[in-house]
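Each value in this text was obtained by applying a stated rule to the coordinates, not by laboratory testing. Everything numeric here is computed off the predicted structure, so don't read it as measured data. All Cβ positions, glycine included, derive from the backbone under ideal geometry; neighbour counts span all protein chains shown.
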Amino acid sequence: PYYITKAMQKLKDFGFLTKKRNEQDERTVIIEVSKEQYEKIASLFNEIETLL
């Protein structure tokens, strides 16, 4: 759906994940999260938890 596509694009724009097309099937998108991106996500969750 459209809203999932837009949400994934925003996460990519903010540097939380990387997207690429599958070489065998161009219709398939592969979402990757590097160690640095994982740490960035964890840091964001920690910031949110301190606000709650």
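Hey, got a sec? Which trypsin sites (Lys or Arg not before Pro) in region 6-47 land in a DSSP loop and have at most 13 other Cβ atoms within 10 Å?
The qualifying sites are Arg27.
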For the chain, compute the number of Lys pairs whose alpha carbons are separated by less than 18 Å, excluding pairs fewer than 8 positions apart on the same chain. 11
Calculated FRET efficiency for the pair Leu52/Val29, C-beta based, R₀ 35 Å, to 0.05: 0.60
Residues in region 1-17, backbone N under 19 Å from the label point at Glu39 (7 Å along the Cα-to-beta-carbon vector): list them, ranges by number please. 14-17
Over the chain, calculate the relative contact order: mean separation of alpha carbon pairs under 8 Å at least 6 apart, over the residue count, as a percent. 25
Run a plain Debye calculation on the chain (Cα atoms as equal point scatterers, no solvent) and give log10 I(q)/I(0) at q = 0.16 Å⁻¹, rounded to two decimals, same order as the q list. -0.57
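Just to confirm the filter: which GluC sites (Glu not before Pro) across region 7-52 are DSSP coil and have at most 14 other Cβ within 10 angstrom of their Cβ?
Counting only loop positions with at most 14 other Cβ atoms within 10 Å, the GluC sites (Glu not before Pro) in region 7-52 are Glu23, Glu26.
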Give me the angle, in degrees from 0 to 90, between the Cα long axis of helix 35-51 and the longest principal axis of the Cα atoms of the chain, rounded to the nearest 10. 40
Got a sec? How would Leu11, Leu52 order by Cβ neighbour count within 10 Å, fewest to most? Leu52, Leu11
